[in-house]
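So the structure is just underneath, and the comments pick up after that.
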Amino acid sequence: MPTTTTSSASSSSSASGNNRQSDVFSRLASSDPEVKLKALREVKNQIIGNRTKKLSFLKLGAIPAIASVLADADDSDECNNILVQSAAALGSFACGFEAGVQAVLDAGVFPHLLRLLTNTDEKVVDAGARSLRMIFQSNQAPKYDFLQEKNMEFLFSLLNSENENVSGLGASIIAHACGTSVEQRVLCEAGVLEKLVILLDGSLSQREACLESLATVLKNNPEAVSDFVGLESGKYFNSVTELTKDRYPRTRLLSCLCLVVIYNTSPSYFINMGTKSSLITTLLELLNDPGQSGDDAALGLSCLIAEKEDLQQLAYEADAIKNIVEILKTGSELQSKRLQGLFLSLAELCSKLEDCRCSFLSLQVLDLLTDALRHKDADVRAAACICFRNAARSVKSLSAGRFNSDHVMLPLVQLLHDPSSSVQVAVLGALNNIVMDFSSPKSSFIEYGGIKQLTELSKSMDPNTRCSALRALRNLMFLADIKRKELFYSDFKAQGLACLISDPEPPVQEQALALLRNLVDGCISSIEFVFDEDGLILDTVGRQLRKAPQAQMAIQGMYVLTNVASGTELHKEAVMEQLFPQAKAGSENFMLKFLQSDESQLRSAAVWTIVNLISPSSPGAFDRHVKLRNAGIIPQLKNMVNDACLDVKIRIRTVLGQSMSFGDNY
């Protein structure tokens, strides 16, 4: 039968391949140098650019076998070819293959490759340097402590080498290992910038290694940027700018990324709008590069335009949104890194400008985004969520119900269960904006268990996740009807809210209080939530306010009291008990501190609470007024009639008008 014949042929071919590979291993162990050399060349030639072959040989144990050949070969002229081929083979395993890098390092070849750099044969030195550069392209490569003098001396011996692969290796080590501001400073003080810029006039590989290491040393380092720009009156800064027009895509990309680092660190060096526009245009052109340059260009563009409205406008005018969407719609299999960068670039473009958001959504991209929410790579899923978040800032699109369909809502809610905390935080940010559309019933979000899952995430061990979940719940409760509030509270309960209000992380406390503020806003029955379990929630709020909290937390806490004080006589008296707790008699009242705060919002919230407490229509208003006056609060307000904040000034005049109805003139 045909199927039997095909199967037999396939099995025969596989067996033959395995036999050939086994034969290679036996020849690698041969005592005959020529046999060994031929085997090394055969392995190297089979694995170059072939990930499948690399994996196959790796599983069979090829790397330890080659490592043994390298270790056993001495530095005599007779062994030079074996040294070259074994180093080349190990470098090929490490090139763009993380499992290969790990296996090479596990085989203990690193010191043997370093040994090759001192060989008298230039070909051996080249092979060792190239192999080491392949390793140093991976995050798994060993870190160098530049604070140790011997390591610094070794680095400069590499940079000073006339061998382009060796000097390029020095630059690659800097790009890989320089990760702190202290290391940047030590390298700059040692004169590394002056050494690196020499490589800009070198070979292609030297230029590219130089650009990568320059970006590493200059990142978030204004002093180093100033030193670099000032070298020979800006000669090398201009050289990097000119390299954005180079004929090699990788060189153009690396020069662009170097300029992005300089711009993000010290934007004052980019006064010329033409330079900014040219940088954006070059990155957009590189997005179409099918290789690694295209992948890196996408992330570079997102870094360049992040939080910069002027650059986002330039990118928009350069048709960035249309170009990116066309790439996404090609249907070709894009690398995860490129997808992440493209979605992050779109997210940044939609972060501030409504025109960008409208243009983006007009291109029928929601299907692309929802597909990305199901991508196997967590970074892509997170980037798609961020894109949703920023696109959902469009009030016009929210009102049109673009994001409330089951097609969009279901995958978003499902991502609340994602194993990656970064994805969870990102999807919470998206939902945070989408649930602001309070004009819709949000039935699909609730039906898919959105409230229950947000409640669970608010108990996460990760403070960022807790904070983001509470922010989404806060927006969900904004102007919500009593049914939705009761649905939320049935999952949360008083104990849950009290714990979050007392959370060890101040941002979590703030969001918990902001959520509570929205929960008790509105009808009288909403206020009753804080009186559950003998007033546990209200007591917790009062206790936190007495701890002299951070201003933003105090603002939210005071607005909780403001909303509670808008209720019945019972509610108002409960607020008074928090302002004047019997156990704390004689202690300074926190209301006085808040009224004297530099934060106008906190002063406003405090005054508004007083307005609600002494409303003349309330039976106990006079007694509360007397208590507030005796505590020095009303006299303090009289001293604030000319407050710099108009909102505070208006509310103070309301309070003083109320005081006059009780016979208190000012």
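Quick notes on this structure:
- Segment 555-666: C-alpha gyration tensor shape, a/c 1.5 cut-off, then a/b vs b/c: rounded
- Helix-only mean residue ellipticity at 222 nm for the chain, each DSSP H run of n ≥ 4 adding -39500 (n - 2.57), per residue, nearest 500: -21500 deg cm²/dmol
- Surface accessible to a 1.4 Å probe, per residue, for the residues of segment 477-576, Å²: 38 Å²
- Our summary gives the chain a relative contact order of 5 percent, counting only alpha carbon pairs under 8 angstrom and 6 or more residues apart.
- C-alpha long axis of helix 149-159 to longest principal axis of the chain, angle in °: 60 degrees
- Full-extension gain in nm, Ser76 to Ser332, via 0.36 nm per residue minus C-alpha separation: 87.0 nm
- Taking segment 112-230 and dividing mean pair separation by its residue count, relative contact order in percent (alpha carbons under 8 Å, at least six apart): 22 percent
- Per-residue HN-Hα couplings for segment 605-614 [Karplus 6.51, -1.76, 1.60; θ = phi - 60°; Hz; x = Gly/Pro]: 4, 5, 5, 4, 4, 5, 3, 6, 6, 10
- Residue-wise HN-Hα coupling along segment 311-317, computed from phi with Karplus coefficients 6.51, -1.76, 1.60 (Hz; x: Gly, Pro): 6, 5, 5, 4, 5, 4, 5
- The gain in end-to-end length when the Met273 to Asp121 segment is fully stretched comes to 49.6 nm, 0.36 nm per residue minus the alpha carbon separation.
- Computed E for Asp377/Lys235 - FRET, C-beta separation, R0 51 angstrom, nearest 0.05: 0.75
- Rounded, prolate or oblate (a/c below 1.5 giving rounded, otherwise prolate when a/b exceeds b/c) for segment 154-217 by Cα gyration tensor: prolate
- The calculated FRET efficiency for Val395 paired with Lys483, based on their beta-carbon distance and R0 = 22 Å, is about 0.30.
- Distance-filtered residues of segment 58-98 - backbone nitrogen under 17 Å, label point 7 angstrom along Glu34 Cα→Cβ: 78-82
- Computed across segment 228-373, the Kirkwood radius stands at 15.6 Å (inverse of mean 1/r, all Cα pairs).
- For segment 176-280, the list of trypsin sites (Lys or Arg not before Pro) that fall in a loop by DSSP and count at most 10 other C-beta atoms within 10 angstrom reads Arg247.
- Loop-located GluC sites (Glu not before Pro) in segment 294-332 (DSSP state not H, G, I, E or B) with no more than 12 neighbouring Cβ atoms inside 10 Å: Glu307.
- Cα gyration tensor shape for segment 349-495, rounded if a/c is under 1.5, else prolate or oblate: oblate
- Between helix 249-265 and the chain there is an angle of about 30 degrees, using the helix long axis and the longest principal axis of the Cα atoms.
- Computed lengthening from Lys245 to Met660, 0.36 nm per intervening residue step minus Cα-Cα distance: 141.8 nm
- Cleavage-rule hits, trypsin sites (Lys or Arg not before Pro), segment 458-495, DSSP coil, Cβ neighbours within 10 Å at most 16: Lys459
- Each of Asp227 and Glu153 was given a label point 7 Å from its Cα along the Cα-to-Cβ line. The distance between the two points is 2.2 nm.
- Taking the longest Cα principal axis of the chain as reference, the axis of helix 33-47 is set at about 40 degrees.
- Efficiency of FRET from Cβ geometry, His417 and Ser490, R₀ 22 Å, rounded to 0.05: 0.60
- Pairs from Lys44/Lys337; Lys547/Lys593; Lys329/Lys376; Lys593/Lys649; Lys593/Lys638; Lys276/Lys352 whose Cα-Cα separation, in the structure shown, is over 22 Å: Lys44/Lys337
- With both labels modelled 7 Å from their Cα along Cα-to-Cβ, the Leu363 to Leu570 distance reads 5.8 nm.
- Carbon + sulfur, % of accessible area of the chain - ligands and nucleic acids excluded, 1.4 Å: 50 percent
- Restricting the calculation to Cα atoms, the chain yields a radius of gyration followed by a Dmax of 33.0, 112 Å.
The values are calculated or read from the model by the stated rules, or taken from the named source; none is laboratory data. As the structure is a computational prediction, the values presented were derived from the model and not from experiment. All Cβ positions, even for glycine, are placed from backbone atoms using ideal geometry, and neighbour counts span all protein chains on display. Only protein heavy atoms, including side chains, enter the accessible area calculation; ligands, DNA and RNA are left aside. Shrake-Rupley method; radii C 1.70, N 1.55, O 1.52, S 1.80 Å.
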